[in-house]
Amino acid sequence: MRDEPRLPRHSPLTDDELEGPALDQLQRMLDAARPWHIFRTLARHPDLARRWMVFANHVLYKSTLPAREREIAILRIGWLCRSEYEFSQHRVIGMDAGMTRDEVEAVKEGVDADGWSELDRLVIRATDELFEDKRIGDETWDALGAHFTDEQRMDLVFAVGQYTLVSMVLRTLGVPLDDFLEGW
């Protein structure tokens, strides 16, 4: 693996820097008391951030996937991509979605960890296949069909793809952990 970049490449906007299009883009997050570093960093490119947020909002809030299974996939891809920020942020979101701390940590081990249900293992396996092969194999796809609708399976693919992209952005830009996040 190549060296990590000098960090951060683009520091999150400070409160004093929030003005104009950047402030407009972040206002909803500020109002929700979630001015996380990822959003403060992406606000350096307000047009991109605005357009990306439409898709990100679907994946995180409007997807047909149940929240817990979505978070298993996001945590797994964050781990596989070695994105400490992504994994740390979704540790919080995953626990809010009903995952236990032990389950969050077991995501690192993958399908072989104790305690996973059949569906949990399928979500992890599908995420691993997307990471390794850039597709879900027929056996896993068919097995997921016993638990998920076609829309849910599509949303799973898009969730893993979205958070692969986010992991690449976070690592490339060197977005620092927020003070409230616990690292690896």
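The values are calculated or read from the model by the stated rules, or taken from the named source; none is laboratory data. This structure is a prediction, so every number in the text was calculated from the model and none was measured. No Cβ is skipped: glycine too gets one built from the backbone with ideal geometry, and neighbour counts run over all protein chains shown. All accessible areas refer to the heavy atoms of the entire protein, side chains included, with ligands and DNA or RNA removed. Shrake-Rupley method; radii C 1.70, N 1.55, O 1.52, S 1.80 Å.
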Subject >> helices (runs of 4 or more DSSP H) contained in region 80-174 and holding at least 1 residues in contact (Cβ under 8 Å) with a residue 40 or more places away in the chain >> reply: 84-96, 118-133, 150-173
**OP:** Collect the residues in region 106-136 that are hydroxyl-bearing (Ser, Thr, Tyr) and within 14 Å of the chain's Cα centre (by Cα), keeping them in residue-number order.
**Re:** Thr127
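Go over the candidates Glu118, Glu109, Glu86 one by one and state the one that is of a type in the set (Asp, Glu), open to solvent by less than 70 Å² (accessible area, probe 1.4 Å) and either modelled with pLDDT of 95 or more or over 22 Å from Gly145 (Cα atoms) (or both).
Glu86 is the lone residue from the list that is of a type in the set (Asp, Glu), open to solvent by less than 70 Å² (accessible area, probe 1.4 Å) and either modelled with pLDDT of 95 or more or over 22 Å from Gly145 (Cα atoms) (or both).
Give the residues of region 46-105 that are at positive phi and within 15 Å of the chain's Cα centre (by Cα), sorted by residue number. Before you say what the answer is, go through the steps one by one.
Keep residues of region 46-105 that are at positive phi, which gives 82, 98.
Within region 46-105, just Arg82 meets the criteria.
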